[in-house]
Each structure stands twice: as structure tokens, then as C-alpha cells.
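Each value in this text was obtained by applying a stated rule to the coordinates, not by laboratory testing. Fair warning: this is a prediction, and the values are worked out from it, not measured in the lab. Here the Cβ is made from the backbone with ideal geometry for all residues, glycine too, and neighbour counts use every protein chain on show.
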Amino acid sequence: MNKLFHDDIRLPPNSGWIWARTNAEAIKILQKCDIFEASLDHDLGCHNWNPQDIEQAELSHDWCNGENGVDLAKKMVEMSLVPQVITLHSSNLDGVEAMYKILEPHAELIIVSEML
């Protein structure tokens, strides 16, 4: 069983996770792989950030695609791609609450883990 880590700026916690930096990448992985667990972020795409070079991080709204974790949660439910276990790891608590409400009826376990 595979694990999906969805975040545009944070690296996965270890090599056991498949990394998706966008909603589109996450959906492709969910469609192609047998994903048992997913760790999802809310705020996406507004940082022109290379996680390998943190010193060069800069805010760039030109790069922002306007999508967020709520959009991904809706698409996951719509396409029946909700894994059994989900961790919501965003520091955006309003976004986490919205994602939780969408995903809770469809997942076996949802963990809220604030990451700053």
C-alpha cells in the first residue's frame, strides 16, 4: 500500500511517501496507485519555493493557480478516490475544517496535524 504526501513546499517526511505538489499530480497518483494513506495540505501554489533551497523562498502570487486543498477534497470525493486514512497537515485551520467536513463521511480515519 502506498502513501501520498500533498504539499507544494514541504518535503515528504520520508521516502515511504509519494510526493504531489499540485492537485492535478495528487489526482493522477490517486488514480494510478493503491493509496492507503494521504497527508494533505490546504494552501497551495502561492510560493515559488524550491524545497531543496529554502534560502531562495519567495512569495510569488504570479505562480499561484488558485487551487487549494478544499478543491482536492471535493475532487477526491467526486471521483471516489478517498484513501482510508487521511492526515490534514495545514496551518490554515479554516481550510482544515472545510476539508475535514468534506472528507469525514468518506474516510475511515482523519487526523488533524497542524504544521507550521
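Quick look at the values:
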{"item": "Separation of the residue 78 and residue 2 label points, Cα + 7 Å toward Cβ, nm", "result": "2.2"}
{"item": "Under-5 Å amide H pairs with residue 8, H placed in peptide plane, nonlocal only", "result": "45"}
{"item": "Residue 104/residue 15 FRET efficiency (R0 41 Å; Cβ-Cβ; nearest 0.05)", "result": "0.90"}
